[in-house]
Each structure stands twice: as C-alpha cells, then as structure tokens.
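A short worksheet on the structure shown next.
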Amino acid sequence: MITLAHVSKRYPGGYEALKDVSLDIANGEMVFVTGHSGAGKSTLIKLIAAIERPTGGTITVNRQAIGKLRRGAVPYLRRNIGLIFQDHKLLFDRNVIQNVLLPLHIAGFNRHDAAARARAALDKVGLLQREKAHPVTLSGGEQQRLCIARAIVSRPSLLLADEPTGNLDSEYASEIMVMFKAFNQAGTTVVISTHDHSAIAAGNTRIIRLDHGSLQT
Amino acid sequence: MKAWLTHHRQALISSFAQLLKTPFASLFTLLAIGVSLSLPAGLYLLLQNMTQIVGALPAQTEITVFMQNDAGAGDISAFKSRLAHIAGIRDSRFVSRNTALAALSLQMGIPDLASELPENPLPDAWVIVPSTAEPATLKQLAASLRTLPKVALVQSDEQWAQRLQALLALGRYMFTLLACILAVALISISGNTIRLQILTRFDEIEVSRLIGATSGYIRRPFLYFGALQGMLGGLVAWLAVTIATMQLEPYIHSLTQLYASPFRLRTLSIEEIMILLLGASAIGWVGAYLAVGRTLAQIEKSP
C-alpha cells in the first residue's frame, strides 16, 4: 500500500523534517506513528497524502510515485485517501450532513446516493441524530467524529489521521481509537500519528517511532 | 457526464446564492460594471445614429458645376454629351441661369428681382449626383469635370463628406479605445470581487483541495459568479442606455420635425444586446479566472 525508500524532506530554510526514512505499510494494516512533537509525524502523513513532496527518496502510495505525480493527478489520489486532521478542518458555514456530503459532491455522486452514503457514514460515527446540527454546536469529540465521517464517506482504502485525539480527553480518545480499529477490521489501511502513548490501543498494532526525523527501531 | 452536469448546476446555483447573500455589495458592483459598460454602449449607439444621419443627408454627394458666363446653348449641349461618357455619374440635372435667378428671387422674397438687376449675375449650372460617396472617387470625378470646356468652377461636397467620414472614423476609433480601456477596468473589478469572495471561502477551498477536488471544481463556482456578475452588469448597462435614449427621444423628435426629417433615434438591436451581455460575461469570466488562478497557486505553495 505505502512504500517509503530513503525518503527525506527538507523545508525551505534548511529544516530537515525527515531523514532517510524507509518503511513499508501493507494493505489492510493498522499502524501508529509516534514520536515527540517535531519528530516528523505530520510531515510523514503529509507526504503520503501528497500535500508535501519529498526532497529525496521515493514514496509509493497505491502504486503511484508521489514525487512524480502530476498536479492534475493529485485530486484523484486524494479521493482514495481519507484524511483526518487534529483541527478537524470542518466547514462552519454548513450543517453536519453537508460537511459529510462535500467529498461526494466533489467526486460527482448523484444527490440520492450521496445522501444515503452520508447518513451511513454519520451512523458509523454515531452522529446520525445530529445531521442537521451546525458544527459549532458540537463538542470537540463530536467534531472529530464528524471529521472521521467525512473521511470515510467515500470509502477510501487508506485512512490517514494526524493526531486525531490530540485535543480530546482520554474517554473520547479511546472511543475514536475503537472506531479506527473497526474500520481496519473492515479492510481499510489505517495510519495514525500520535504523541499520546495512552491512546495507542493495546495489542499487536505495529508502531513506527520517529525521532528528530529518523526512524527508530 | 451526469456528474459533470451536476457540478455545473451546483456552481450556477451557488453563484446566485453568493450574489443574494450580500445584496448591497452585489448591487454596487453591478452598478459599477453597468455604468462602465454603458459608456462604450452609449458611444456606440451615438455613432450608429450619426452614421444613420450621414447616410440620410441628401445633399451630401452632389457636385455642382458652374459654367462660364459666356457659355451658350451649344456649349451646354456639348457639355451634356461629354457628361454621358464620364463614368460614376448616377444623375445630372441642368439648372439654367434664369431658373436659378427665379429660385433665388423666390427664396429671398423679392418677386421682381430679375427686373431690378441690370443683368442676371448667376451662371448656368449642372448638378451632378455621383453614384458613390467614396471621397477618392469623388475627387477623381470632380477633377475630370474640371477639364471639360467652358467650366468655370466645380464645387463638390467631397470635403464635407471627407470630414464627416474622418469624424466618424475618429468616433469609431474612440469607441474601440474606450471599450478596450473599460474592458481592462472591468476585468479588474471582476477579479477584485472574486478575490474578496475567495478570501471569505478560503477554508472551503483548502478543505476541498485536501479531499480531492480538482482545480476545475474549485474554479468553477467563481467562474460562474464572474460571468453572471458580468452579464447582470451588462443588463444594467443596457437599461441605462435605454433609459437615456428614452429621455432624449422627445428632444430629438422635435428637432427632426423642424428639419422635416424622417430620422428616428435608434436603440440597441437584439443582436447588439446579446453581444453586450455575452461580452460582459466573458470579461467577468476572464477577471474571475485570473483571480482564482492566482489564489490556487498560492494555496499550492502553502499547504
């Protein structure tokens, strides 16, 4: 699913966020990326989603080389990736279901199918009763769940979550981790970056540790 | 295909919604666009009407040939037969010195003018109507008439026609110039309103980009908005020009009645209105395209 070979990312100004990182994430795997803040977790997520381009090495996602991707091809790559952000990036000028409908509108679903899918996604995150509510009226945990609903509504094969539980208390956080587990069991590849060790679900989940941009083994 | 249509429909609906969301700001923008557009549209209409007047002027293309005072009946008939061989003459009419004097006395209101004067001071004359009003041809014709025997003076309206044509050409050039300048101004008006809109919808653009929206998808509602705004501005311009001509109509009417002219003030035709509206929306579209392109490039640079 995702292959990194000697990937480095140097930002303009000289800051090196990732140094010679090589790793493989298999299809259907669930992976935690951990490390202190500034270790390069967010950069790794951004590189996989083609929000940033690597300055060295190659990244392959879904058999597509990110570094060589044409600008016009990026949107189609992203439609197969569900992105979950720490700051949710919800749109506050529309209600809950309209937020979830946005990816479907972009992908060109017809109104009827889109509404059915959006409700199914809201149901999965437990927000079906709030579909007409406005995001401002939701709690932090609910906003994060809404962000997750928007990420999974187009049934992507890859979920990328950047610090999804960063702003949540532990109860909400474990709720959300349970959700990710469920998506993974349904066959979705899940990559979660977090600096919160308590959020990492116990069990046999693989953990990738980053330290100052380098992979720790 | 269906998705594509849905996208376009959504973009159009969202453009209308955006316009209605800020009715006062929209109204002022539309007025600004409309007034700017009404200047070239009004000038165009003025030119069209002037051309119409020039076309209707009867005396415009006449050449008057005055014969020498000692020209007799033989010379007149000789002139007439020579005239038949000159090309480019539609009509010719002989005005004898006696006829001219009679007409003059009638015009001046002195019935016994002929008897008051020791002799008729007027020459015999030919009034020649050329088949074309083209200045170069007129000049040529006048020159060839001048070479005929017993001709004293050839007076043509060619200079008049030339001046009028030059004036109209200048007017048309000014129209083009004004239209170009205002097109640039309108592109920047449109670009600016679109830029403001982009700023207020920046989050939406950013999020859409992150969840797989193509540049086309992001650009589309703004392009529709620009085109729609331009077209509505064109509509305002059309209204302004129509109201202005309606205001002028009675004055023009009383003026033309004084001249017993059948001239009627012409308003914009359906084709011209279409061109105005389409041109205005094209200009709005271009302004929007430039603004969105710049903003998209900025978003790409700072993810």
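The values are calculated or read from the model by the stated rules, or taken from the named source; none is laboratory data. Just so it is clear, the structure is predicted and the values come from calculations on it, not from any experiment. We place every Cβ from the backbone using ideal geometry, glycine too, and count neighbours over all the protein chains shown. Just the protein is used for accessible areas: all its heavy atoms, side chains included, with ligands, DNA and RNA removed. Shrake-Rupley method; radii C 1.70, N 1.55, O 1.52, S 1.80 Å.
Numbers at a glance
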item	result
The range B:118-135, residues that are open to solvent by less than 60 Å² (accessible area, probe 1.4 Å) and either modelled with pLDDT of 80 or more or assigned to a helix (DSSP H, G or I) (or both)	B:120, B:122, B:123, B:124, B:125, B:126, B:127, B:128, B:129, B:130, B:135
Pairs, first farther than 20 Å from residue B:137 by Cβ in the range B:85-107, second part of a helix (DSSP H, G or I) and open to solvent by less than 60 Å² (accessible area, probe 1.4 Å), C-beta under 6 Å, six or more apart	B:105/B:113
Pick from the range A:80-90, criterion over 23 Å from residue A:7 (Cβ atoms) and of a type outside the set (A, V, I, L, M, F, W, C), ranking: surrounded by the fewest Cβ atoms within 10 Å (Cβ to Cβ)	A:87
Leading residue by the ranking (most open to solvent (accessible area, probe 1.4 Å)) among those in the range A:17-54 that are farther than 16 Å from residue A:212 by Cα, more than 14 Å from every other protein chain (Cβ to nearest Cβ) and of a type in the set (D, E, K, R)	A:24
Qualifying residues in the range B:31-84 (those that are of a type in the set (Val, Ile, Thr) and within 16 Å of residue B:265 (Cβ to Cβ)) - the one modelled with the lowest pLDDT	B:54
Tally of residues being open to solvent by less than 10 Å² (accessible area, probe 1.4 Å) and either among the hydrophobic types (A, V, I, L, M, F, W, C) or at pLDDT 95 or above (or both) across the range A:151-164	6
Hits in the range A:55-72 (condition: surrounded by fewer than 21 Cβ atoms within 10 Å (Cβ to Cβ) and within 23 Å of residue A:10 (Cβ to Cβ))	A:55, A:56, A:57, A:58, A:60, A:64, A:65, A:67, A:68, A:69, A:70, A:71
All positions within the range A:67-84 that are within 8 Å of chain B (Cβ to nearest Cβ) and over 20 Å from the mean Cα position of the chain (by Cα)	A:71, A:72
Those residues of the range B:198-212 which are within 13 Å of chain A (Cβ to nearest Cβ) and more than 18 Å from residue A:88 (Cβ to Cβ), in sequence order	B:200
Criterion (at pLDDT 90 or above and more than 18 Å from the chain's Cα centre (by Cα)) met by exactly one of A:129, A:143	A:129
When residues of the range A:101-119 are limited to those that are more than 13 Å from chain B (Cβ to nearest Cβ) and touching a helix residue (DSSP H, G or I) at 6+ places or on another chain (Cβ under 9 Å), the one most open to solvent (accessible area, probe 1.4 Å)	A:119
For residue A:93: the one exception among (1) of a type outside the set (A, V, I, L, M, F, W, C); (2) facing another protein chain (nearest Cβ under 10 Å); (3) closer than 23 Å to residue A:194 by Cα; (4) surrounded by fewer than 21 Cβ atoms within 10 Å (Cβ to Cβ)	(3)
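Residue-by-condition table, conditions (1) assigned to a helix (DSSP H, G or I); (2) touching a residue at least 24 places away in the same chain (Cβ under 8 Å); (3) closer than 22 Å to residue A:76 by Cβ:
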site	(1), (2), (3)
A:5	no, yes, no
A:18	no, yes, no
A:27	no, yes, yes
A:45	yes, yes, yes
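A quick yes/no check of all residues on (1) buried (at least 18 other Cβ atoms within 10 Å of the Cβ); (2) among the aromatic types (Phe, Trp, Tyr); (3) in contact (Cβ under 8 Å) with a residue 12 or more places away in the chain; (4) out of contact with any Asp or Glu (no Cβ under 8 Å at 6 or more places or on another chain):
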{"residue": "B:231", "(1), (2), (3), (4)": "yes, no, yes, yes"}
{"residue": "B:238", "(1), (2), (3), (4)": "yes, yes, yes, yes"}
{"residue": "B:259", "(1), (2), (3), (4)": "no, yes, no, yes"}
{"residue": "B:270", "(1), (2), (3), (4)": "no, no, no, yes"}
{"residue": "B:281", "(1), (2), (3), (4)": "yes, no, yes, yes"}
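Residue-wise test of (1) within 30 Å of residue B:195 (Cβ to Cβ); (2) within 20 Å of the chain's Cα centre (by Cα); (3) not in a helix (DSSP H, G or I).
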site: B:226; (1), (2), (3): yes, no, no
site: B:232; (1), (2), (3): yes, no, no
site: B:240; (1), (2), (3): yes, yes, no
site: B:243; (1), (2), (3): no, yes, no
site: B:246; (1), (2), (3): no, yes, no
site: B:255; (1), (2), (3): no, no, no
site: B:273; (1), (2), (3): yes, yes, no
site: B:276; (1), (2), (3): yes, yes, no
